[in-house]
Amino acid sequence: MARPPVAAVGRIISRLVAPIALLAACQVPAPGAPPAPPVDPAARPASRPSLVTEAERTRFERTGRYAEVERLCRGFEQAYPGRARCVRFGTTPEGRPMLAIVASDDGALDPDAARARRRPVILFQGGIHAGEIDGKDGGFWALRELLDGAMAPGALAATTAVFVPVFNVDGHERFRRNQRPNQRGPEEMGFRATGQNLNLNRDHMKAEAPEMRAMLALVRAWDPVIHVDLHTTDGAKFQHDVAVLVEPSVPHPGGLDGAARDLSGALQARLAALGHLPLPFYPAFREEDDPASGISTEPGPPRFSQGYSAARNRLGVLVETHSWATYGARVRAVHDLLSALFEHATDAAGALRAAVDRADAASARLAGAPFALTHRAGPASRTIAFHGYAYERRASEISGGTWIVYDESRPETWRIPLFDRLEPELTVTAPAAGYVVPAAHAAWVAEKLRLHGVRHEVLREARPGLAVEVFRAREVTFAHPYEGRTRAKVQGDFRPERRDLPAGSLFIPIAQPLAPLVLHLLEPRAPDSLVSWGFFNAAFERKEYMESYVAEEEARRMLAADPALRAEFEARLRDPAFAGDPGARLDFFYQRHPSWDERVNRVPVFRVAAPPLPLGAPRNE
């Protein structure tokens with residue numbers, strides 16, 4: 001990949017004259033070596049509060065509790081008056097404050113000021129999975145250096161930084177040893193899920209957790225051009241210490257994928273120059289515990305942070321430090337990633353702002369155009385060098401299967417297939433005007449749309465016989481409970497019909513910048529749609545029935561009156577499965593009887609080719 005532009009002279013000078021303790025802290029430790037000493041608190045003026053973390057004080061053996069986040073949030077505001085601000089943006093179900101630190105060199109410390117300056121905002125968050133807490137400690141370290149000018153000088157004059165140290169606060173305080181058996185350090189850490197046992201990184205679209213609703217409000221307010229989600233990965237043992245995925249990685253309106261590729265290339269090159277072994281894809285093997293099976297690079301759906309950012313026409317960056325690196329090495333990787341990111345953003349601030357503006361404008365013109373909701377890796381692959389360790393597969397007397405044993409004393413370079421040629425899997429055509437939702441579902445759907453900032457309008461008057469397209473599911477499959485919901489996978493098609501729409505129904509126009517997000521929310525087959533997350537499951541339930549003896553009588557009457565129906569029935573009898581199922585045979589007639597409820601399997605989200613006027617004032621809040 002191409003290297004990023006040569007750093008500015010001021011950046012080089014700043015790095016040369018940085019304090020000795022800071023230079024020592026910026027050295028990348030060798031794998032397995034103890035981390036470099038932290039910044040000496042005594043080096044700070046006595047009037048400043050200490051901003052050193054528990055992780056730094058203990059040489060990255062431990063991480064602090066949430067009380068430290070509260071202390072440091074206030075401390076940054078006190079230490080950098082007019083340049084840093086501590087913001088409470090939500091409250092968790094257990095009553096804890098959700099905090100962010102905003103940093104800017106010219107006082108752009110609120111969303112209105114950032115918008116007035118057309119200032120690109122970079123939001124980076126730690127602890128969405130609170131056991132994977134490298135982002136918190138690496139983020140504090142990086143933010144301190146940004147404000148001191150020791151990292152990416154000029155970055156906070158070109159961008160505004162918004163740092164959320166811990167997203168999953170209640171999970172962070174479920175604090176103990178051994179929460180992460182596939183991870184080295186720290187000694188104790190929080191838990192993956194929230195106090196309500198929800199995984200926040202599956203909740204971006206359904207937005208059920210109070211924490212997620214607070215985060216979506218923060219995102220709506222600041223509209224970050226880049227949203228960085230800091231994780232620690234599980235998986236095999238290998239030498240690569242950090243994976244950085246930038247979305248959108250597939251064609252996107254306005255060419256936003258080009259800006260994502262530029263950012264990805266810059267981050268990979270800079271991390272490599274700093275001594276890391278970065279990857280631009282998630283290092284999960286196609287077959288568990290089998291490195292030879294290779295790796296696929298399909299983009300994640302918008303339930304994940306990086307996919308959600310892409311659906312909003314913004315750049316989503318998923319950072320996965322490798323769990324088998326030491327905690328100090330992982331925190332270092334986060335620090336260096338943020339350094340690389342802000343260096344790139346300093347030089348490319350105007351280009352980043354222009355890229356998302358183009359994506360917004362192109363997305364607002366999606367009406368009638370094809371849009372790929374999902375992609376998959378094609379069958380072709382290329383061989384890559386992957387830095388792993390010697391391993392062997394052994395028969396297990398414990399599981400009765402096989403298990404893989406790695407030898408970290410014997411580094412190896414594997415030659416494995418990478419399946420990175422992506423092709424559209426599910427493509428839809430955006431409606432000509434938008435979607436309508438009948439009044440019975442308008443209130444709760446409008447609330448979901450408001451959470452995402454999607455513009456919608458309310459019908460002031462009833463519209464009888466409106467020409468719409470209706471999706472009727474011919475097949476519905478329900479999954480096991482997942483994230484507190486019963487997901488539904490539907491197969492079917494939109495067909496033209498005329499429906500009566502009462503006053504109070506919703507109209508969601510496709511002509512808006514968030515059109516990709518609208519398609520992901522409202523297209524029934526999209527993997528993270530409201531339908532797929534089970535919000536419309538009642539539409540697939542029968543509420544009225546016909547007794548079998550009544551069905552027998554009605555079937556005979558219907559056959560006698562309709563020769564075409566008799567021919568259709570006799571044709572179905574040639575299917576042995578149908579012929580041998582008495583219930584299916586009776587149901588054949590019930591579904592064609594006047595008493596049949598035509599709403600069964602009809603999704604109450606319709607497509608329209610023209611706005612159903614008259615409408616009320618547009619809403620997105």
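The values are calculated or read from the model by the stated rules, or taken from the named source; none is laboratory data. These numbers were taken from a predicted model, which means no experiment stands behind them. All Cβ positions, even for glycine, are placed from backbone atoms using ideal geometry, and neighbour counts span all protein chains on display. Areas reflect the complete protein model, heavy atoms only, side chains present, ligands, DNA and RNA absent. Shrake-Rupley method; radii C 1.70, N 1.55, O 1.52, S 1.80 Å.
Using a cutoff of 8 angstrom between alpha carbon atoms and counting only pairs six or more residues apart, the relative contact order for the chain works out to 12 percent.
Only helices enter the 222 nm calculation for the chain: every DSSP H run of n ≥ 4 contributes -39,500 (n - 2.57), and dividing by all residues gives -9500 deg cm²/dmol, rounded to 500. Couplings for region 207-218, taken from phi via the Karplus curve 6.51 cos²θ - 1.76 cosθ + 1.60 with θ = phi - 60°, read 6, 9, 6, x, 5, 5, 4, 5, 5, 5, 5, 5 Hz in order; Gly and Pro are left as x. Rounded to the nearest 20 debye, the dipole magnitude of region 404-446 is 180 debye, with +1 charges on Lys and Arg beta carbons, -1 on Asp and Glu beta carbons, and the Cα centre as origin. Note that region 161-167 has calculated 3J(HN,Hα) couplings of 9, 10, 10, 9, x, 9, 7 Hz, one per residue in order, obtained from phi through the Karplus relation 6.51 cos²θ - 1.76 cosθ + 1.60 (θ = phi - 60°); glycine and proline are x.
By DSSP, the beta bridges lying fully in the chain are antiparallel in about 75 percent of cases.
Please state the shape class of region 174-250: rounded when a/c is under 1.5, otherwise prolate if a/b exceeds b/c and oblate if not, all from the C-alpha gyration tensor. Since a/c reaches 1.5 but b/c is at least a/b, the shape of region 174-250 is classed as oblate. At a Förster radius of 30 Å, what calculated FRET efficiency corresponds to the Cβ-Cβ distance of R117 and R71, to the nearest 0.05? Given R0 = 30 Å and the Cβ-Cβ separation, E is 0.50.
Rounded, prolate or oblate: which one fits region 273-393, using the alpha carbon gyration tensor with axes a ≥ b ≥ c (rounded when a/c is under 1.5, else prolate when a/b beats b/c, else oblate)? Oblate, since a/c reaches 1.5 and b/c is not below a/b. Here's the list of lysines a cross-link from K448 could span, going by alpha-carbon distance under 19 Å and ignoring same-chain residues fewer than 8 apart: K206. Length gained on full extension, E412 to S293: 41.2 nm, using 0.36 nm per residue less the C-alpha separation. Spin-label model, S50 to E425: label points 7 Å out along the Cα-to-beta-carbon direction sit 5.0 nm apart. Rounded to the nearest 20 debye, the dipole magnitude of region 331-398 is 300 debye, with +1 charges on Lys and Arg beta carbons, -1 on Asp and Glu beta carbons, and the Cα centre as origin. Among the aspartates and glutamates, which fall within straight-line cross-link reach of K543, defined as a Cα-Cα distance under 16 Å, with same-chain neighbours fewer than 8 residues apart omitted? Within the straight-line limit of under 16 Å, K543 reaches these aspartates and glutamates: D587, D597, E598. Positive-end ranking of P417, G465, V454 along the dipole of region 406-507, with charges on Cβ about the Cα centre, is headed by G465.
Think of the chain as having a plus end and a minus end, set by charges on the Cβ of Lys, Arg, Asp and Glu; of L573, G95, S47, S47 sits farthest toward the positive end of this dipole.
Distance between the modelled labels on R599 and T383, one decimal in nanometres: 6.1 nm (7 Å Cα→Cβ projection). Charge tally around R607: other residues with Cβ under 14 Å, Lys/Arg +1 each, Asp/Glu -1 each, net +2.
A 1.4 Å probe run over the chain, with the rest of the protein chains in place, finds 42 Å² accessible per residue. For region 253-311, what does the alpha-carbon gyration tensor say about shape, rounded, prolate or oblate, given a ≥ b ≥ c as the root eigenvalues, a/c under 1.5 as rounded, and a/b over b/c as prolate? Oblate shape, in that a/c is at least 1.5 and b/c is the bigger or equal ratio. Charged side chains reduced to their Cβ positions (Lys and Arg at +1, Asp and Glu at -1) give the chain a dipole of some 1080 debye around its Cα centre. Each residue, R286 and N620, gets one label point 7 Å from its Cα in the Cβ direction; the gap between the two is 4.1 nm.
In percent, rounded to a whole number, the relative contact order of region 488-621 is 25, using alpha-carbon pairs under 8 Å and six or more apart. Only protein atoms count toward the accessible area here, which uses a 1.4 Å probe; on the chain, the carbon and sulfur part of that area reaches 52 percent.
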